[in-house]
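As structure tokens, the structure follows; a few thoughts come after it.
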Amino acid sequence: MNRIKEKWRNLEKKTGTQNRFCSFFYCDFLRGSKHYRYNEKAKKNRLNLKTGSTEEFRKLGMEEAFFQVLAKTDHEKRGRLYAIYFLENSLFPQDNEKELFEKWSEKEEWKSFEKICTALWNDIRYFPVPESPKHPQYQVSFVDSWMGERTYGGKRGHEGCDLMASKDIPGLYPVVSMTDGVVSARGWLEKGGYRIGITAPSGAYFYYAHLDSYGSYQEGDEVKAGDIIGFMGNTGYGPEGTKGMFATHLHLGIYLYPDGEETSYNPYWILRLAGEKKLSCSF
């Protein structure tokens with residue numbers, strides 16, 4: 001930078017006031033350099049031991065253009081690519097992924113952050129509700145409702161996404177595991193009704209709630225991605241067996257424990273990604 005300054009001073013001495021344009025350009029160059037250094041410093045400050053549990057990260061937001069890139073990326077590479085995307089705020093980090101990985105991996109906080117991203121993205125295989133070739137009108141829809149206000153049991157944030165059935169018929173729609181894993185929980189919860197929780201290989205906990213009934217899996221059993229774990233229902237919001245307090249749907253929650261506490265992450269874009277690979281099932 002000092003060499004550049006010296007060259008510009010010599011140029012100004014030779015050209016005098018005739019080269020004001022160059023002077024203005026030089027000032028813009030310096031401002032741009034300072035802005036670049038500030039941005040790089042700000043980026044580095046985004047990565048710390050708490051990054052993976054901040055609300056900004058837990059939203060798992062992205063631009064549509066990057067989603068298209070992520071959807072075409074091999075599943076074992078998605079977590080790292082998303083980690084770089086979040087830290088760089090770059091639409092296409094895959095263009096220089098190797099260099100960016102080398103830059104970030106020098107920080108000691110990188111491993112724990114990459115582990116979180118890997119757990120969220122790499123184990124996903126299937127959308128949780130299959131399609132019916134026999135009845136194509138049996139569809140499900142969902143929107144980004146993560147942390148929307150809920151009032152049952154007190155005011156709280158909605159820790160998941162609801163997949164709403166086009167046909168409000170409990171027990172009709174099968175629910176499959178999005179990942180391989182182990183059944184960590186099974187049974188009734190007042191807010192979740194009949195629910196099943198599956199811990200995926202990389203550590204994320206997938207919570208499927210408001211089921212009408214279960215598949216054959218018990219707590220402790222291993223499941224494979226695509227296995228039927230239950231059927232969509234409308235259970236919950238009361239003592240065990242309560243039904244019909246709302247329309248038939250599947251509530252999907254995704255949790256990790258980055259600070260030793262259960263932490264919710266937005267399933268919306270993960271569901272969008274899984275929607276690229278739906279199973280077919282006769283129902």
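Quick note: the coordinates plus some simple rules give every number you see, no bench work behind them. All values reported here derive from a predicted model rather than from experimental measurement. Heads up, the Cβs are rebuilt from the backbone with ideal geometry, glycines too, and the neighbour counts pull from every protein chain shown.
Using a basic spin-label model with each label point 7 Å from the Cα along Cα→Cβ, how many nm lie between L279 and N89?
4.1
What nm distance separates the two modelled labels at L189 and S53, each placed 7 Å from Cα along Cα→Cβ?
1.9
Positive end of the dipole of segment 130-283, charges at C-beta (+1 Lys, Arg; -1 Asp, Glu), about the Cα centre: which of L189, S216, M164 has its Cα farthest in that direction?
Final value for the positive-end residue is M164.
Just to check I understand the Karplus step: with θ = phi - 60° and J = 6.51 cos²θ - 1.76 cosθ + 1.60, what whole-Hz values come out for segment 158-168, glycine and proline as x?
Taking θ as phi minus 60°, the curve returns 7, 8, x, 10, 9, 9, 8, 7, 5, 10, 7 Hz for segment 158-168.
What ³J(HN,Hα) values, in whole Hz, does the Karplus curve 6.51 cos²θ - 1.76 cosθ + 1.60 give for segment 96-105 when θ = phi - 60°, with x put for Gly and Pro?
Along segment 96-105, the couplings run 9, 4, 4, 5, 5, 4, 4, 5, 6, 5 Hz.
If you average the sequence gap of Cα pairs under 8 Å that are 6 or more apart and divide by the length of segment 134-245, what percent do you get for the contact order?
About 25 percent, as a whole number.
Compute the distance from the alpha-carbon center of segment 43-94 to that of segment 154-175, in whole Å.
With segment 43-94 and segment 154-175 each reduced to a Cα centre, they are spaced 27 Å.
Test of understanding: extend the Cα→C-beta vector of H135 to 7 Å, then name every residue of segment 200-216 with backbone N under 16 Å from that spot.
212-213
For G230, enumerate residues with amide H under 5 Å from its amide H, sequence gap 5+ or separate chain, H modeled in the peptide plane.
V175, G215
Only Cα pairs under 8 Å and at least 6 apart count here; give the relative contact order of segment 51-121 as a rounded whole percent.
Reported as a whole number, the value is 38 percent.
Using the 2.2 N^0.38 Å rule of thumb for compact globular proteins, work out how segment 149-211 stacks up: its C-alpha Rg over that value, please.
For segment 149-211, the normalised Cα radius of gyration is 1.23.
Just the C-alpha atoms of segment 140-274: what Rg/Rh do they give, with Rh taken as the Kirkwood radius?
0.93
Expressed as a whole percent, how much of the Cα-Cα distance distribution for segment 49-128 exceeds 16 Å?
Taking all Cα-Cα pairs of segment 49-128, the fraction more than 16 Å apart is 49 percent.
Just the number, please: Stokes-Einstein D of segment 89-157 in µm²/s, Kirkwood Rh from C-alpha pairs, 20 °C, 1.002 mPa s.
127
Would you please state which residues of segment 172-196 a label at E262 would reach in this model, taking the label point 7 Å out along Cα→Cβ and a backbone N cut-off of under 14 Å?
Under cut-off, by backbone N: 184-196.
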